[in-house]
Amino acid sequence: MRLNKEMAARLADARLAEWRRVGYDEWRAMLEDKELRQVVGEDGKRYSVVSYALDDGEGRVRMAVAVDDGGWSAFVPLVRDQLMNPDGTFVE
């Protein structure tokens, strides 16, 4: 069965929305870590939601969220990301 991309996108966007409510320092703290959540989607399937941060080398931090359902999508998960400037504003 294929990854429900609509559901995966909603889960990724929801996780990014949580991160948009915190500041630059919290994003920088994520550079040392990855966070894995097991979430049951509205479709009843279990999804892995992995959040991690990357330094872009210019002071900005990219928060990425990868979602898969444990099947073949684990090799090519759905990924969403957001980039934050040091002043706390987002790059659109």
Checklist entry - Any idea which residue in the stretch 53-73 is nearest to Ala12 (Cα to Cα), counting only those that are among the acidic types (Asp, Glu) and at pLDDT 90 or above? => result Asp68
Checklist entry - Is at least one residue of the stretch 55-64 surrounded by fewer than 17 Cβ atoms within 10 Å (Cβ to Cβ) and in contact (Cβ under 8 Å) with a residue 40 or more places away in the chain? => result no
Checklist outcome for this item: Here the residues within the stretch 32-47 that are more than 15 Å from Gly71 (Cβ to Cβ), modelled with pLDDT of 90 or more and not basic (Lys, Arg) are Glu35, Leu36, Val39, Val40, Glu42
Item to check | Residues located in the stretch 72-88, provided they are under 18 Å from Val49 (Cα atoms) and either surrounded by 13 or more Cβ atoms within 10 Å (Cβ to Cβ) or in contact with a Pro (Cβ under 6 Å, 6 or more places away or on another chain) (or both) | outcome: Ser73, Pro77, Leu78, Val79, Arg80, Asp81, Gln82
Checklist entry - So which residues in the stretch 11-31 are touching a residue at least 24 places away in the same chain (Cβ under 8 Å), of a type outside the set (A, V, I, L, M) and either touching an Asp or Glu at 6+ places or on another chain (Cβ under 6 Å) or within 15 Å of Ala66 (Cα to Cα) (or both), if there are any at all? => result Asp13, Arg15, Trp19
Checklist entry - Do we have Val50 as under 30 Å from Arg2 (Cβ atoms), at pLDDT 90 or above, surrounded by 13 or more Cβ atoms within 10 Å (Cβ to Cβ) and touching a Pro at 6+ places or on another chain (Cβ under 7 Å) here? => result no
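The values are calculated or read from the model by the stated rules, or taken from the named source; none is laboratory data. Just so it is clear, the structure is predicted and the values come from calculations on it, not from any experiment. Backbone-built Cβ (ideal geometry, glycine too); neighbour counts: all protein chains shown.
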